[in-house]
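The numbers here are math on the coordinates, done by the rules we state, and not lab data. Quantities reported herein were computed from a predicted structural model and do not represent experimental measurements. Counting neighbours? That spans all protein chains shown, and the Cβs are built from the backbone with ideal geometry, glycine included.
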């Protein structure tokens, strides 16, 4: 699906997405790293429960929301990937409480 233009041999940097180790390159956003790892659904729609993923990759559409290090509604396309991040699929709307 998505491929890097100039892939590196192997990155030792990684975060987890739903428990799966995701390698990333320096400068990657969380969304870019997930797409490069063939992950296309980052959340479910609050009403229809359909899977949603990045669309604009520039912070305008809010389709790429996920839970990052315990904080919900994080725009993965605007969040730089960091080692040891814990990223999780967001199910529906943000939980208040």
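Listed values, structure above:
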{"item": "Counted residues, the range 64-97 - those being at positive phi, in contact with a strand residue (DSSP E or B) (Cβ under 7 Å, 6 or more places away or on another chain) and without any contact (Cβ under 8 Å) to a residue 24 or more places away in the chain", "result": "2"}
{"item": "Conditions (1) under 16 Å from residue 37 (Cβ atoms); (2) under 9 Å from the mean Cα position of the chain (by Cα); number of the one not met by residue 65", "result": "(1)"}
{"item": "Residue satisfying all of: in the range 68-95; in a loop (DSSP other than H, G, I, E, B) and within 10 Å of the chain's Cα centre (by Cα); nearest to residue 11 (Cα to Cα) among these", "result": "81"}
{"item": "Those residues of the range 48-62 which are under 18 Å from residue 32 (Cβ atoms) and either surrounded by fewer than 21 Cβ atoms within 10 Å (Cβ to Cβ) or touching a strand residue (DSSP E or B) at 6+ places or on another chain (Cβ under 8 Å) (or both), in sequence order", "result": "52, 53, 55, 56, 57, 58, 59, 60, 61, 62"}
{"item": "Count of the range 16-61 residues which are part of a loop (DSSP other than H, G, I, E, B) and either within 12 Å of the chain's Cα centre (by Cα) or at negative phi (or both)", "result": "24"}
